[in-house]
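Below: one structure, written as structure tokens.
The values are calculated or read from the model by the stated rules, or taken from the named source; none is laboratory data. Keep in mind it's a predicted model, so treat the numbers as computed, not measured. Every residue, glycine as well, gets a Cβ built from its backbone with ideal geometry; the counts of neighbours run over all protein chains shown. SASA here: full protein model, heavy atoms, side chains in, ligands and nucleic acids out. Shrake-Rupley method; radii C 1.70, N 1.55, O 1.52, S 1.80 Å.
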Amino acid sequence: MYDFNFAPVFASFDTLLVGAWLTIQMSTVAMVIGLVLSILGAVGKTSGPKPVRIAINVYIEIIRNTPFLVQLYFFFFALPALGVRLGPNQAALLALVVNFGAYGTEIVRAGVASVGRGHIEAAKTVGLNFFQTLRYVILKPAMRAVYPALTSQFIYLMLASSVVSVISATDLAAAGNDLQSQTFASFEVYIVITAMYFVMSLAFSGVFALIGKLAFSYPLNR
């Protein structure tokens, strides 16, 4: 029979909270930057010149067909060979941005493709320039269509960020590993960490649902 003892875990719970806050910060920043990268990638893939489309497709295929852990190792261990040295948190953030950007580009591109050509032609007839058409006619309905997929991708990104602890990035998983090595309460530590990730996922799901209602509650024929 296993004797559960959560006392050492809760005695250092503030350490886990700091790790959780760093996970939230890193994931949120990666999502914001990655979303910008996704929009630029989707626009470049749908409207850019052929060399740009080829470069974006190569980027997407490389990221989508290689493990995130390998990508993380590349930014942390391989870039220094090229003279680019990044700290653990910086390398982790860059890997998360690049990973989210590849998947996000395909998601946003699918949303852009769902916008009918008639809407774009109508925008041209009323005198909207390229950027006005992109903002009001293409991106707005496209983002509404793919918003659930983007939020799901972000939550997946936040959960996948636990991998960054292997390069000593100071996230929740790393804090849990440190606490486990100090207390040897492996079962209790990882039960608590699992619960914390679960709560963070539910919290972000609720926040995203609220944002979706506020930002995309307008009628479809508007």
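A few remarks follow.
- Taking each residue as 0.36 nm, the span from ILE54 to ALA122 lengthens on full extension beyond its C-alpha to C-alpha distance by 21.5 nm.
- Among the chymotrypsin sites (Phe, Trp or Tyr not before Pro) in the stretch 126-222, those placed in a DSSP loop whose Cβ has at most 12 other Cβ atoms within 10 Å are PHE184.
- Shape class for the chain, computed from the alpha carbon gyration tensor (a ≥ b ≥ c): oblate, with a/c not under 1.5 and a/b at or below b/c.
- Net length gained if the chain between ALA78 and SER47 were fully extended (0.36 nm per residue, minus Cα distance): 7.9 nm
- Neighbour net charge for GLY41 - beta-carbon separation under 11 angstrom, K R +1, D E -1: +2
- Sites matching trypsin sites (Lys or Arg not before Pro) across the stretch 55-162 that sit in DSSP coil, with at most 16 neighbouring C-beta atoms within 10 Å: ARG85
- Simple spin-label estimate for LEU210 and VAL32 in nanometres, 7 Å along Cα-Cβ: 1.8
- FRET efficiency, ARG135 to TRP21 (Cβ-Cβ, R0 35 Å, nearest 0.05): 0.55
- With the simple model of a label 7 Å out from the Cα in the direction of the Cβ, ARG64 to ALA7 spans 5.3 nm.
- The chain - mean residue ellipticity at 222 nm from DSSP helices (-39,500 (n - 2.57) per run, n ≥ 4, rounded to 500): -24000 deg cm²/dmol
- Accessible surface computed residue by residue for the chain, with neighbouring protein chains in place and a 1.4 Å probe, gives 56 Å² per residue.
- Note, ³J(HN,Hα) from phi for the stretch 193-201, Karplus 6.51, -1.76, 1.60, rounded to Hz, x at Gly and Pro: 5, 4, 5, 5, 4, 4, 5, 4, 5
- Expressed as a whole percent, the accessible surface of the stretch 25-215 that belongs to carbon and sulfur atoms is 70, based on a 1.4 Å probe.
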